[in-house]
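Each value in this text was obtained by applying a stated rule to the coordinates, not by laboratory testing. Every value quoted in this text rests on a predicted model; they were computed, and no experiment measured them. Backbone-built Cβ (ideal geometry, glycine too); neighbour counts: all protein chains shown.
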Amino acid sequence: MPIYQKTAEKTLQEISSQEHPFEDDLLKRKEIAENLVNIIKSTKGPFVFNINSPYGCGKTFFLKRLKVLLQSHNIAGILYNSWESDWCDSPLTAIAQEIIEELGNLPGAKSEPLEKTKEALAKTALPAVKAAAESLIRLACPPAGLILDAAGKALENGKESNSPLEAYSALKREKENFKKALCRTLKERPLVII
């Protein structure tokens, strides 16, 4: 029985230069990946799938190659590894930036709809992070919520403050605008976040 030694992980560019993204896969998962791509291509609407296995079993190896395979089928794929961005205080900001970067790699990346999509994403992500952080603080420590309210009023310097309901409505509108802009940008192409 041969013993396999783990080698340095290839970059996405190196994987893209191979004849097939899975040509170096010793576990022979090419057929599984191609079946998964076919499922993604034939599915209408959003869906979630899970790849679960212990540390060191090749999830990242598989998913990097899946991203390249998706791209070869004209499917936008965003590879987001939470371990690589755990230093970021806001997971939503990290994911939003990955989406923005990937949208910039699409054909027609400098188009007006794409620029509007990126703007909508930037507008949506930051207020959502702020609202989520404030909600968590209020839940974890109700007195801190009073401090947040007082600080917010002090920072307003007498300006009329939006009510939480108005802020929610504005954020909801921005989210809907982002979804519409993203759909216009991608047209009928699927977007896969890995």
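For the pairs Lys28/Lys180; Lys59/Lys180; Lys28/Lys67; Lys10/Lys180; Lys30/Lys180, flag any whose C-alpha to C-alpha distance is greater than 28 Å. Display every interim value, and only then the final one.
On the way: Lys28/Lys180 39 Å; Lys59/Lys180 32 Å; Lys28/Lys67 17 Å; Lys10/Lys180 35 Å; Lys30/Lys180 34 Å.
Flagged as over cut-off: Lys28/Lys180; Lys59/Lys180; Lys10/Lys180; Lys30/Lys180.
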Highest mean packing first, using Cβ neighbours within 10 angstrom, the peptides 75-84, 62-71 sort as 62-71, 75-84
Taking K and R as +1 and D and E as -1, what net charge do the other residues with C-beta under 11 Å from the C-beta of Pro21 add up to?
-> 0
